[in-house]
1. Please build a GNM for the chain, connecting alpha carbons under 10 Å apart, and tell me which residue among G13, G28, G69 fluctuates the most.
2. Could you compute the longest span of the chain free of trypsin sites (Lys or Arg not before Pro) located in DSSP loops and having at most 13 other Cβ atoms within 10 Å, not counting the site residues?
3. So what are the ³J(HN,Hα) numbers for segment 64-76, from phi and the Karplus equation (6.51, -1.76, 1.60; θ = phi - 60°), rounded to whole Hz, Gly and Pro as x?
4. If I take all pairs of Cα atoms in the chain, what percentage of them are more than 16 Å from each other?
5. Relative to the longest principal Cα axis of the chain, at what angle does helix 17-26 sit, 0 to 90 degrees, rounded to 10?
6. Mind listing the long-range amide H neighbours of G32? Cut-off is under 5 Å, sequence gap 5 or more, other chains count too, H placed in the peptide plane at 1.01 Å from N.
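What follows draws every value from the coordinates through simple rules; no lab data is involved. Everything numeric here is computed off the predicted structure, so don't read it as measured data. Every residue, glycine among them, receives a Cβ derived from its backbone with ideal geometry; neighbour counts consider all protein chains shown.
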Amino acid sequence: MAQRKTWIVTLSGERPAAAVRRDLAEAGFAVGAVLDAIGVITGEADAKAVAKARKIKGVASVAEDTEVGIGPPGSDPTW
């Protein structure tokens, strides 16, 4: 089974978020959150679904989500 990762899809604004969400799901994307106000959809997908997602009209970019850790006050910087 292909490895699934978490992705952030930035919308271009040329289509409604609901339409892009539907197309992402049909491409094999497990849609998590639809943040219509900021033009972002999050979800999980394998590399094959991501390649399809990048071709969907209304998608500006698809980027892998990364974890950011902010330590307690006084700790060393994380980057």
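1. For the chain, modelled as a Gaussian network with Cα springs under 10 Å, the answer is G69.
2. On the way: sites that count: R54, K55, K57.
Free of exposed loop sites, the longest segment is 1-53.
3. Result, rounded to whole Hz: 5, 6, 10, 8, 10, x, 10, x, x, x, x, 7, 5.
4. On the way: 1515 of 3081 pairs.
Pairs farther apart than 16 Å: 49 percent.
5. 80
6. T42, G43, E44
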